[in-house]
1. Would you kindly give the portion of the calculated P(r) for region 39-96 that falls above 15 Å, as a percent of all Cα pairs?
2. Can you give the relative contact order of the chain as a percent, counting alpha carbon pairs under 8 Å and 6+ residues apart?
3. Can you tell me how much longer the chain between THR67 and ASN124 gets when fully stretched, taken as 0.36 nm per residue apart minus their C-alpha distance, in nm with one decimal?
4. Give me the angle, in degrees from 0 to 90, between the Cα long axis of helix 10-35 and the longest principal axis of the Cα atoms of the chain, rounded to the nearest 10.
5. What is the gain in length, in nm to one decimal, between ARG86 and LYS115 on full extension, counting 0.36 nm per residue of separation less the C-alpha to C-alpha distance?
6. According to the Kirkwood expression over distinct Cα-Cα pairs, how big is the hydrodynamic radius of the chain, in Å?
7. In terms of modelled amide H atoms, which long-range or inter-chain residues lie less than 5 Å from the amide H of THR38?
8. Could you run the Debye sum over the Cα atoms of region 10-50, one equal point scatterer each and no solvent, and tell me log10 of I(q)/I(0) at q = 0.18, 0.26 Å⁻¹, two decimals?
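We did not get these values from a lab; they are worked out from the coordinates using the rules stated. As the structure is a prediction and not an experimental result, all values here were calculated from the model.
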Amino acid sequence: MKDKESKMSAEKIQSKREQEKEVVSLMIGLYCKKKHKTKGVLCDECKKLDDYAKLRSDKCPFMETKTFCSNCKVHCYKPEMREKIREVMRFSGPRMIFHHPYLAIKHVIESKKEKKRLEVDEFNKIK
């Protein structure tokens, strides 16, 4: 039986990285469209955030095992960018179900799995 912690292939890690970048870009795009009234193109502020988020994802050393940046012990975003991406996530997250339902449902499922995994990890620490 394969161990859950077995190594992901480089291709799978890269695919996961690209998917994360795509989802974050969609969320930033939704935020920019609704908050900054842009049409099909990001404003300068949101473009800067999108570029920064992609760079952080490209450099993430934990891509193989991580689920969400918010659960990471190492916060690699600069404080002001971290606050901005939180604002985008808080705004866009609930709206994703209407704009990208598949991704929103997938995120909910992954969130539930991650919550369960964290609970099991915490329980095992107590033992």
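1. So the portion of pairs separated by more than 15 Å is 56 percent.
2. With pairs under 8 Å counted, the relative contact order is 25 percent.
3. Answer, rounded to one decimal: 18.6 nm.
4. Taking Cα atoms only, the helix is inclined about 40 degrees.
5. Fully extending the segment from ARG86 to LYS115 adds 8.5 nm.
6. This gives a value of 16.1 Å.
7. Long-range HN contacts for THR38: LYS33.
8. Each listed q corresponds, in turn, to -0.51, -0.78.
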